[in-house]
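Data block below; observations after.
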Amino acid sequence: MSAFHVQPKAAIVTDVFPILIPTLRIFPDFGRFACKLDTPPDFDQCPGKYASQADFFTNQTAALLDDWTLEFSKCAFADAFSEQHGDMLWISFDLRGLRIAKMIKRHIGDRGRVIYQKPIESPYWKYDSTREILNDGSVVNLHKHPGWHNLLQLRIL
Amino acid sequence: MKTDTQFIEANSADPVLREMARTASRILKDYSLTEKQRGELIRRLQAEYHAYKAWNKQYRSYFRTPRTNERFSRTTEGGHRD
């Protein structure tokens, strides 16, 4: 063994706990960003096998999500980056996002997972930061702190 | 620090107020926060509570429909309005 033994890089979590079904993570971000779809490794090789991002949304939920993200873009910047608190009603905003996530889950059913993450700009983000909507509409907390790798570790399908 | 504070809004019909009460309880039970941080969060939540109540009061008035007025709800036996 060399004196300058280099520790091998830890395998990324997706190698150990692969994503088996498409997982939609809803979290608002600046730049009109609303959601991200995590797909299984063979998603591109098997067209039609899994639900695509378009399958998660109806016209109604897409419009609602767009309005919700627009509200975040308008109000959250002043609230997050200025010393004075802005006009953002974070609790109401989170509940509306959760309601949209429930509508999306009701539409997609078993074909995908829907996870709602509170924006980190929210002053209450550490409380119930990451929640998954189940098939029956109930909401479960996935982890205390947001992190996509935690989502994979806790829910092995 | 009291950890058994019961908020009236915890039994509210409005889910936003219920969530605010729940968040307030979580903040009061969070021992990882300093006193200053806890005070700031609670004050912020209180300001948000009052702002939401004011917004709700203004918003609700725009959609007040005459649901109890007989003039709009009375019908004949055949289902036609008078």
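Numbers below:
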{"read-out": "Amide H contacts of residue A:142 (H built 1.01 Å from N, under 5 Å, at least 5 apart or other chain)", "value": "A:130, A:131, A:132"}
{"read-out": "Distance (nanometres) between label positions extended 7 Å along Cα→Cβ at residue B:37 and residue B:10", "value": "2.4 nm"}
{"read-out": "Radius 15 Å from Cβ of residue A:136, net charge of other residues (Lys, Arg +1; Asp, Glu -1)", "value": "+3"}
{"read-out": "FRET E, pair residue B:59, residue A:43, Förster distance 35 Å, beta-carbon r, rounded to 0.05", "value": "0.25"}
{"read-out": "Area hidden from solvent between B and A (accessible, protein heavy atoms only, 1.4 Å, total, Å²)", "value": "1500 Å²"}
{"read-out": "Cut-off 12 Å between beta-carbons: net charge of the residues surrounding residue A:64, Lys and Arg +1, Asp and Glu -1", "value": "0"}
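The values are calculated or read from the model by the stated rules, or taken from the named source; none is laboratory data. As the structure is a computational prediction, the values presented were derived from the model and not from experiment. Don't worry about glycine lacking a Cβ; one is built from the backbone with ideal geometry, like all the others, and counts go over all protein chains shown. What goes into the accessible areas is simple: the full protein's heavy atoms, side chains included, and nothing from ligands, DNA or RNA. Shrake-Rupley method; radii C 1.70, N 1.55, O 1.52, S 1.80 Å.
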